[in-house]
Amino acid sequence: MIKAAPTTPSSKKPKPLIDDNRLYEAVSPSSLRWDNLSWPVIAWMAAMHLMCLAAPFYFTWSALAVAFGLWFASCCLGVCFGYHRYLAHQGMKVSAPLRFVLYICGCISAQGSPTQWVATHRLHHARSDKPGDPHSPKEGVWWSHLTWLFAKQDPEVIEMLHRKYAPDMLRDPLARFFERWFPVIPVALSGIMYLLGGLPWLLWGMGVRMTIGYHSTWFVNSATHLWGYRNYETTDDSRNNWWVALVTWGEGWHNNHHAHPRVARYGHRWWEVDTTWMVISLCRVLGLVQNVNDRIPSGSRRISKRPAGAAKDTSKPKDRLTELESAPKEFDIFDAGESEEDERELESLSV
C-alpha cells in the first residue's frame, strides 16, 4: 500500500492570488445559473417560508413572544449591532461577554457566518452600486433583494473574499470558532424550539421570525437603494427610508450610513429613530461597550434645498464623501491580508 507523503510547508496547496475581477464576476448576476445554484440555501429559505405560512394555524401567545424575542436577539443584537456596526465597521469596542453574545445572536439569524457576512458587507461598501457590488438594485430589484443569495460560490473565491475584506476576522479565534460551527447553530436552535414548545414554537420562533428577519434585512439591500431621501451626497444610490428603519431596528437610514460608515449612530436628524443605537447607548452606560464612534465627521457634504429658481448644482458629487475620504480609508486596513506578514500568520492559522 502506498502511503501518502507527509504534509510539509512546501507541499501545501498555494493560496490563490486575490483576483478582483474574479471576485466581481462571482457576485454578478451571471453567476446565477441552473448549474451553479446553491441548493442548500434555496432549501433552507423555502423551508422557512413554508413554516411561516403554516404558523397561523398553530398560533399561541407564547409562540408569538418567542418569535419577537428571537427577532430582537437575532436581528437587532446579532445583525445590526454585532455583525454590522461592531464587526464590519468597528464602530466601538465591546466587552468579552457581550462579544460572545453578539456572535451567538448573529449566528441564530442564519444570515451567514460572521466572517462571510462581514467580508460580503465590506465588499458592498467598497463597490456600492458599481460592478462588484454583491447586491445592487442596478442589477435588478429581485437580485438585490433575494436571488443574489442563490448563486453557489467557489471555495477559492470565498477564500479570496475573506482574505481581502476580512483578514482581521481570520485572525480572531472567536470568529474562527463560529465560522466552523455556524451551520450547526440554527439547526440546533430549531431542535430546542421544538423540544420546548412543540410545533408552535418551532413555526413561530424559526419560520415567522426568520422570514421577517430575512426580508427586513434584504429591504436594506434593495429598498434603501431605490426609495427615500438623501441627507448626503454620495455616488451610490443609498437612501434614507423610514419604513425600512422601522422594521430593521434603525438600519433604514442607509444614506447616512453610507456617507459615514464607521459612525455607529445611524439617525442623524431628530426624527430618524435608531433603535439599535438606543441599545448601544444603554450598553455604553452599563460599561459593556467603549470607544463608540458617534460623531459625524466635520466637513460632511449635506444636501441642502435650493431656493426656488436657483440653478441646479451640476458639479460631480463626492464619491461617498470622496473615494479618498471614505471607502479607501475604511478598506485599506482590510487589504492587510495581502501583506507578507499577514499572509504568514494566516498560513499558520489554516493548518
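The values are calculated or read from the model by the stated rules, or taken from the named source; none is laboratory data. Just so we're clear, the structure is a prediction, and the values are computed from it rather than from any experiment. Virtual Cβ from ideal backbone geometry, glycine too; neighbours counted across all protein chains shown.
Tell me which of these residue 50 doesn't satisfy, since it passes every other one: (1) surrounded by 14 or more Cβ atoms within 10 Å (Cβ to Cβ); (2) touching a residue at least 12 places away in the same chain (Cβ under 8 Å).
It fails just one condition, (1).
Taking segment 244-285, which residues are touching a helix residue (DSSP H, G or I) at 6+ places or on another chain (Cβ under 9 Å) and loosely packed, with under 13 Cβ neighbours inside 10 Å?
Result: 269, 271.
Scanning for something part of a helix (DSSP H, G or I), under 16 Å from the mean Cα position of the chain (by Cα) and at pLDDT 95 or above, does segment 189-199 turn up at least one residue?
No: zero hits.
Kindly provide the set of residues from segment 287-301 that are part of a loop (DSSP other than H, G, I, E, B), farther than 18 Å from residue 80 by Cβ and at pLDDT 95 or above, ordered by number.
287, 291
Does residue 208 satisfy being hydrophobic (A, V, I, L, M, F, W, C), in a helix (DSSP H, G or I), surrounded by 18 or more Cβ atoms within 10 Å (Cβ to Cβ) and free of Cβ contacts under 8 Å to residues at least 60 places away in the same chain?
no
Considering every residue within segment 123-135, establish whether at least one is surrounded by fewer than 20 Cβ atoms within 10 Å (Cβ to Cβ) and polar (S, T, N, Q).
no
Looking only at residues in segment 164-180 that are assigned to a helix (DSSP H, G or I) and out of contact with any helix residue (DSSP H, G or I) (no Cβ under 8 Å at 6 or more places or on another chain), which one is farthest from residue 27 (Cα to Cα)?
173
In segment 136-145, how many are more than 15 Å from residue 239 (Cα to Cα) and buried (at least 19 other Cβ atoms within 10 Å of the Cβ)?
3
Those residues that are farther than 28 Å from residue 147 by Cβ and touching a helix residue (DSSP H, G or I) at 6+ places or on another chain (Cβ under 6 Å), I need them from segment 34-63; list them, please.
Those that are farther than 28 Å from residue 147 by Cβ and touching a helix residue (DSSP H, G or I) at 6+ places or on another chain (Cβ under 6 Å): 58, 60, 63.
When you scan segment 224-243, do you find a residue that is within 30 Å of residue 57 (Cβ to Cβ), in a helix (DSSP H, G or I), in contact with a helix residue (DSSP H, G or I) (Cβ under 9 Å, 6 or more places away or on another chain) and at pLDDT 95 or above, even just one?
yes
Rundown of residues vs (1) closer than 25 Å to residue 226 by Cβ; (2) more than 14 Å from the chain's Cα centre (by Cα), yes/no style:
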{"position": "95", "(1), (2)": "no, yes"}
{"position": "102", "(1), (2)": "no, no"}
{"position": "132", "(1), (2)": "yes, yes"}
{"position": "153", "(1), (2)": "no, yes"}
{"position": "158", "(1), (2)": "no, yes"}
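So for segment 147-163 (the condition being in a loop (DSSP other than H, G, I, E, B), within 23 Å of residue 75 (Cα to Cα) and touching a residue at least 60 places away in the same chain (Cβ under 8 Å)), does at least one residue qualify?
No, that holds for no residue.
When you check residue 135 against the structure, is it at negative phi and assigned to a helix (DSSP H, G or I), yes or no?
No: the conditions fail for residue 135.
Among the residues of segment 101-116, write down those that are on the phi > 0 side of the Ramachandran plot and surrounded by fewer than 22 Cβ atoms within 10 Å (Cβ to Cβ).
Of everything in segment 101-116, just one residue is on the phi > 0 side of the Ramachandran plot and surrounded by fewer than 22 Cβ atoms within 10 Å (Cβ to Cβ), namely 112.
Here's a check for you: in segment 251-286, which residue that is touching a His at 6+ places or on another chain (Cβ under 8 Å) and not in a loop (DSSP other than H, G, I, E, B) is farthest from residue 233 (Cα to Cα)?
Selected residue: 253.
Scan segment 234-251 for residues that are over 15 Å from residue 136 (Cβ atoms) and touching an Asp or Glu at 6+ places or on another chain (Cβ under 9 Å) and jot them down.
240, 242, 244, 245, 249, 250, 251
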